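Below you'll find the structure, written out as structure tokens, and then a few comments.
The values are calculated or read from the model by the stated rules, or taken from the named source; none is laboratory data. Computed from a predicted model, the values in this text were never measured in an experiment. We place every Cβ from the backbone using ideal geometry, glycine too, and count neighbours over all the protein chains shown. Ligands, DNA and RNA are stripped out before the accessible areas are found, and what is left, the full protein with its side chains, is counted by its heavy atoms. Shrake-Rupley method; radii C 1.70, N 1.55, O 1.52, S 1.80 Å.
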Amino acid sequence: MERPSIGVDVSTYIAFHFAILGTLSWFTGLGFLLPSLGPSIFLFATLPDEEMNYPQRIIGGQFIGAVSAIVAFQLLVGHPIVGEPIPPRSLLGLRQVLATFLAAILTTAGMFVTNWEHPPAYATTLIISLGFIDGVRGAVVFFLAVLIVAGIHELFGKRLPIWNLPYQREF
């Protein structure tokens, strides 16, 4: 029997990740699903043999993006602003913009120093440095989600290849 096309496999593979993270979010009430995980999962599914998308780069890059953003946010904003309206031309708004600037510099430097470049981590950097994640606890939950995604990929994407992902495999 012929396997479904790559598009079907890739989309269901991505949906499988989202289902696991969504179930964890639903059961715990914690934010395991964040927008920056979507591009990372897509890269796992579509370009798994590219060095840029190796699990250590995705984990490392996301970690650097999260830590850089936490540092920048704590230094320049310092208090939770989730759901707080930011008035135009306010000091809080300026500090938020400066936090994104500092977080981007720290993220880039960290990625290049460690050789863990991962472009989707910049979404993480923006999400956290803008204060859309509720503090360090939210960032820790997000990083756990990154580890879960990498674990799912290692187990189901590589070791037990249920999906027909575009690997360059040697048999």
Size of electric dipole in the chain: Cβ of Lys, Arg +1 and of Asp, Glu -1, about Cα centre, debye, nearest 20: 340 debye
Among 26-33, 143-150, the order from most to least packed when residues are scored by Cβ within 10 Å on average: 143-150, 26-33
Å² of accessible area per residue within the chain, as computed with a 1.4 Å probe and no ligands counted: 54 Å²
Under the Karplus curve 6.51 cos²θ - 1.76 cosθ + 1.60, θ = phi - 60°, whole-Hz ³J(HN,Hα) for region 52-69, x wherever Gly or Pro sits: 4, 10, 5, x, 5, 6, 5, 5, x, x, 5, 4, 4, x, 5, 5, 4, 5
Heavy-atom accessible surface of the chain: percent carbon and sulfur, 1.4 Å: 71 percent
Region 87-165: C-alpha pair distances exceeding 16 Å, %: 64 percent
Spin-label pair E84/V113, simplified geometry with 7 Å Cα→Cβ offset, distance in nm: 2.9 nm
Accessible-area order (highest first, 1.4 angstrom probe) of the listed residues R137, R89, R95: R89, R137, R95
P(r), alpha carbons of region 9-160 - 10 Å bins starting at zero, rounded %: 12, 40, 32, 14, 2, 0
Heavy atoms of F132 accessible to a 1.4 Å probe, total area in Å² rounded to 10: 140 Å²
Sequence of D134, D49, D9 from largest to smallest accessible area, 1.4 Å probe: D134, D49, D9
With DNA, RNA and ligands ignored, accessible area of T114 (1.4 Å probe; Å², nearest 10): 60 Å²
Inter-centroid distance (Cα atoms) of region 107-162 relative to region 46-64, Å: 9 Å
The chain, helix-only ellipticity at 222 nm - DSSP H runs n ≥ 4, -39,500 (n - 2.57), divided by all residues, nearest 500: -21000 deg cm²/dmol
Region 143-157 residues near the modelled A19 label - backbone nitrogen below 19 Å, point 7 Å along Cα→Cβ: 148-157
Förster radius 30 Å - calculated FRET efficiency between L94 and L147, Cβ distance, rounded to 0.05: 0.30
